[in-house]
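Worksheet: one structure, shown below.
The values are calculated or read from the model by the stated rules, or taken from the named source; none is laboratory data. Just so we're clear, the structure is a prediction, and the values are computed from it rather than from any experiment. Here the Cβ is made from the backbone with ideal geometry for all residues, glycine too, and neighbour counts use every protein chain on show.
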C-alpha cells in the first residue's frame with residue numbers, strides 16, 4: 001500500500017488521522033508521516049493499515065493489476081500512479 005492509497009482509503013471512509021491511528025494502534029504522527037512520505041514506515045505498520053482498511057470494506061488495486069472489481073455500491077478513487085482504492089458497501 002502506498003501513502004497515496006492510505007490517504008485515499010482514509011478519505012473514502014471519512015476517517016480522521018486520529019481515528020485510523022486508534023484503529024491500527026499507532027500514533028497519529030505515524031499516519032501523517034506515512035501519508036506525507038516523510039519517513040519509511042515499518043512493514044508491520046503498513047500491513048496493519050491495509051488490514052484495517054480491508055476489514056472496513058476497502059479494496060486495493062495495484063497499478064499493474066488487470067483485476068476488475070464488480071459490485072453494486074463501489075466508490076473508487078484512481079491515483080496518479082495508476083493504482084486505485086475502492087470502498088465497497090453492502
Practice prompt. Could you please let me know if residue 47 is out of contact with any helix residue (DSSP H, G or I) (no Cβ under 7 Å at 6 or more places or on another chain) and at pLDDT 75 or above?
Written response: yes
Fill in: Of all residues making up segment 1-44, the number that are more than 9 Å from the chain's Cα centre (by Cα), in a loop (DSSP other than H, G, I, E, B) and within 21 Å of residue 87 (Cβ to Cβ)
3
Worksheet entry | Positions within segment 45-57 being closer than 17 Å to residue 87 by Cβ and in contact (Cβ under 8 Å) with a residue 12 or more places away in the chain, in sequence order | 49, 50, 52, 53, 56, 57
Worksheet item: Which residues, counting only those in segment 16-44, are touching a residue at least 24 places away in the same chain (Cβ under 8 Å) and either surrounded by 13 or more Cβ atoms within 10 Å (Cβ to Cβ) or touching a helix residue (DSSP H, G or I) at 6+ places or on another chain (Cβ under 6 Å) (or both)?
Response: 20, 23, 24, 31, 34, 35, 37
Item to complete: For residue 65, state whether it is outside any helix (DSSP H, G or I) and modelled with pLDDT under 90.
Response: yes
